[in-house]
Amino acid sequence: MEIQDLPAGWAVATIGDVSVKGSQRKPSDDEEFIYVDIGSIDREKKRIATPQTLMGKDAPSRARKEIAVGDVLVSLTRPNLNAVALVEEKYDGQIASTGFEVIKPVGVDSRYIFALTRSWDFINRISGAVQGALYPAAKSADVKNYRFPLPPLAEQTRIANKLDELLAQVDTIKARVDAIPGILKRFRQSVLAAAVSGRLTEEWRRQNQPTSARDQVEAAQANKIGRLKVREKKGWDDGLELFELPNSWAWTANYKLAMDTTNAICAGPFGTIFKAKDFREEGVPIIFLRHVKEKGFNQNKPKFMDSKVWEEFHQEYSVFGGELLVTKLGDPPGECCIYPEGLGTSMVTPDVLKMDVDTEVAEKEYMMHFFNSPICKDMVRDLAFGVTRLRIDIAMFKSFPIPTPPLEEQHEIVRQVGVLFALADQIEQRLQDAQARANSFTQSIIAKAFRGELVPQDPNEDPASVLVEVLTK
């Protein structure tokens, strides 16, 4: 910490000057105790959140450091993550991991030292001292030798009280801000539910006279010659309750909204090409479950298959741009996105369905919105099978009932959903800015505290130099 122009009565000290060495012990086999390891610390809230209750015979070898109320725990492992906490009364006399530096303040306010360990300067200094690239860890001496500005004891208490007040307010603000993504998620789901049930475009239908969706689908079917093979799955939809649709809408089997080509609806091939040894660093990209996300196609962690193998055996499972991609597995299955134009050729795995949408009767974005809607998810949960992981199969997917509006209304639904989602996206962007500002508030407040700008000084108080002199004798 750059220490200069200290306020009157302040002094410079190290953490080692104002703390004493803690004790270690091995818990007895029949002793029950609370064990605080580094994973127990909530790094956002800076508190002990998820400690374990153990018997001594089950204790790990790192369970050795005794802790007491008012101690400050500082993780020496990956100190840049700032896993720090102030020990509360309920953890008095318990045991922490040797991965912590346990600061036991003496003659100073523990809360002041705790705030110090949350400052950017402390984090950066300790992180800059780490040893080891694979398992970066600071040393106890790095913490003890940290120099900081120390005010008189009474002023420390005033600062700590003010920090408690202000940081509690910041935490309240952050909690409210952090709740907004959940609200936006529910908003988007509500929009999709309204969109695929007809409620979103009620006003539009009153002002327009759309043609019958059933007539549109049947007219398109009359021109198809049946190249898309459909195997009826008897009883697959037993017990599925379909809700009432607007008069111009119709429940339509999914395959009737697909192109009339042999592999307009298919999943990837089975076989050895999906074993790790067969993946390549280049070739035809393979689409896995992790790539199909409701927010859009995710290109993370691509894998490839040999182009020659693809050309010889697997071209029919390819996607080129604009196809609907739907997951066969999940909780529930059916997460959907559109494969983007311009990415080039890819190929689906057996766990991903692809569908070439017949744009004469269906808007592919409407179809995507339906599969991602809570209405569809509930229907899929009723129909999917599997014990450890729900799944749907191709026959089920081909015959799945789709609430189908007339094509012109599908276009209007997509437009209105786009407007509402764009509004949610704008709020989300502003939210990210607000979260960044809220996070900076904490550091700004702490920085003011250590510059002596948070509370007034009292010239009648004993200077901190006297305290340091007593503690270091």
Fill in the blank from the handout: Between residue 303 and residues 5 or more places away or on another chain, the pairs with built amide H atoms under 5 Å apart involve 286
Exercise for the section: Quickly work out the residue 359-to-residue 311 label distance, labels modelled 7 Å from Cα along the C-beta direction, and quote it in nm with one decimal. Expected result: 2.9 nm
Problem - Among (i) 22.3; (ii) 25.8; (iii) 27.5, the entry derived from the coordinates for Kirkwood radius over Cα pairs in Å - result: (iii)
Fill in the blank from the handout: Restricting to Cα pairs under 8 Å and 6 or more apart, the percent relative contact order of region 162-265 works out to 31 percent
Handout entry: Value of [θ]222 nm, deg cm²/dmol, for the chain, DSSP H segments ≥ 4, -39500 (n - 2.57) each, nearest 500
Key = -11000 deg cm²/dmol
Practice task
Please name which of 407, 466, 307 has its Cα lying farthest along the dipole of the chain towards the positive end, using unit charges on Cβ (Lys, Arg +1; Asp, Glu -1) and the Cα centre as origin.
Solution key: 307
Problem - Accessible area per residue in Å² at 1.4 Å probe, computed on region 146-260 - result: 58 Å²
Exercise for the section: Could you do me a favour and compute the accessible area per residue for region 1-85, 1.4 Å probe, result in Å²? Expected result: 52 Å²
Handout entry: the chain - charge dipole about Cα centre, Lys and Arg +1 at Cβ, Asp and Glu -1, debye rounded to 20
Key = 840 debye
Practice task
Counting only heavy atoms of the protein chains, get the accessible area per residue of region 279-396 (1.4 Å probe) and round it to a whole Å² value.
Solution key: 46 Å²
Handout entry: Interchain or long-range residues, amide H under 5 Å from residue 68's placed H
Key = 93
Handout entry: Per-residue ³J(HN,Hα) for region 12-23, Karplus 6.51 cos²θ - 1.76 cosθ + 1.60, θ = phi - 60°, Hz, x for Gly and Pro
Key = 9, 9, 10, 4, x, 5, 10, 8, 10, 6, x, 10
Fill in the blank from the handout: Highest mean packing first, using Cβ neighbours within 10 angstrom, the peptides 398-410, 44-56 sort as 398-410, 44-56
Completion exercise
Long-range amide H partners of residue 330, meaning residues 5 or more apart or on another chain whose placed amide H is closer than 5 Å, are 390
Problem - Of the DSSP H helices in the chain, those whose Cα atoms cover at least 30 Å axially and whose Kyte score averages -1.0 or more - result: 153-197, 407-450
Problem - Derived scalar couplings ³J(HN,Hα) [region 72-86; Karplus, 6.51 cos²θ - 1.76 cosθ + 1.60; whole Hz; x for Gly, Pro] - result: 10, 9, 10, 5, 7, 7, 6, x, 5, 7, 6, 7, 10, 7, 9
Exercise for the section: Show which lysines lie in cross-link reach of residue 224 when reach means a straight Cα distance below 26 angstrom and same-chain residues fewer than eight apart are skipped. Expected result: 233, 234, 256, 354, 364, 398
Problem - Under 11 Å, Cβ to Cβ, from residue 101 - net charge with Lys/Arg +1 and Asp/Glu -1 - result: +3
Exercise for the section: If a/c stays under 1.5 just call it rounded; otherwise compare a/b with b/c (prolate if a/b is bigger, oblate if not). Do that for region 379-426, with a ≥ b ≥ c from the square roots of the Cα gyration tensor eigenvalues. Expected result: oblate
Exercise for the section: Pop out the ³J(HN,Hα) list for region 282-292 in order, Karplus 6.51 cos²θ - 1.76 cosθ + 1.60 with θ = phi - 60°, rounded to Hz; leave Gly and Pro as x. Expected result: 8, x, 8, x, 10, 9, 9, 3, 5, 7, 9
Problem - Apportionment of accessible area to carbon and sulfur, the chain, percent (1.4 Å) - result: 49 percent
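The values are calculated or read from the model by the stated rules, or taken from the named source; none is laboratory data. Because the structure is predicted, anything quoted here is derived from the model rather than measured. Reconstructed Cβ throughout: ideal geometry from the backbone, glycine too, with neighbour counts over all protein chains shown. We work out accessible area using only protein heavy atoms, side chains counted, and drop any ligands, DNA or RNA first. Shrake-Rupley method; radii C 1.70, N 1.55, O 1.52, S 1.80 Å.
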